[in-house]
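For reference, the structure discussed in these notes is given below.
The values are calculated or read from the model by the stated rules, or taken from the named source; none is laboratory data. Fair warning: this is a prediction, and the values are worked out from it, not measured in the lab. Neighbour counts run over all protein chains shown; Cβ positions are idealised from the backbone, glycine included.
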Amino acid sequence: MSSNVLMPKATAVWLIENTSLTFKQVADFTGLHPLEVQGIANEDVAKGIRGVDPIAGGFLSREEIAKGEADETYTLKVIEQKRVDLPQVKKKGARYTPIARRQDRPDAIAWFLKNHPEVPDSKIVKLIGTTKATIEQVRSRAHWNSAQIKPVDPVTIGLCSQIELDAVVADAAAAKARADKRTSKTEAKTLKAAQETAPDESYDAQGDDA
């Protein structure tokens, strides 16, 4: 893609943070090894490298990304020697987190896991710009820095606004309430069915007295 040795890793950082492409797809596009891409996603590799948008750089189109996200076996095609000048469009994927704040993300993840376990991983990924792999590592305490991770409100450390956090928590609470309601209805139906099919104990008692 470029003679600049930082370009493949910087592009990989951007693709990991802003798309749902697989590690293999990102590796094939950037020329990196899949394990190296996984290391970038886990923040073990490329620390301090800011993501570079391959769309703005003229190397990739949004259509190609969409094809890749829809089909994990699809190999992204590079736009050769062509500059695509596109207007800046607000990202719909995971937010970009300043490098100085990335080290704080595990603390924010721990805060969610402790205080709002009902919030789906996918929502946390978009809100604070992390990855599902990092969330799972914090949850299972497999993260390389687990001993130093402590729950910290993501608003306090500047990873999102209070309004954004409140919206995510409210949506998750509403979804949980709907799920709990469905579960309660199912349990009630099961209990009613069990009661209707159970033998009449009063009848059995009268029979024994006789």
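Before moving on, here are some points about what is shown:
- Residues of the stretch 58-81 satisfying the condition of being touching a residue at least 12 places away in the same chain (Cβ under 8 Å) and either in a loop (DSSP other than H, G, I, E, B) or under 22 Å from VAL138 (Cα atoms) (or both): GLY58, PHE59, LEU60, SER61, GLU72, TYR74, THR75, LEU76, LYS77, VAL78, ILE79
- Qualifying residue in the stretch 149-160 (condition: assigned to a loop (DSSP other than H, G, I, E, B), more than 19 Å from the chain's Cα centre (by Cα), polar (S, T, N, Q) and at pLDDT below 90): yes
- Cβ pairs under 6 Å, 6+ apart, first in the stretch 147-176 and exposed (fewer than 12 other Cβ atoms within 10 Å of the Cβ), second assigned to a helix (DSSP H, G or I): LYS150/ASP107
- Applying the condition of being in contact (Cβ under 8 Å) with a residue 40 or more places away in the chain and of a type in the set (A, V, I, L, M) to the stretch 110-123 and asking which residue is farthest from GLN38 (Cα to Cα) yields VAL119.
- Restricting attention to the stretch 124-145, the residues being in contact (Cβ under 8 Å) with a residue 12 or more places away in the chain and over 14 Å from the mean Cα position of the chain (by Cα) number 3.
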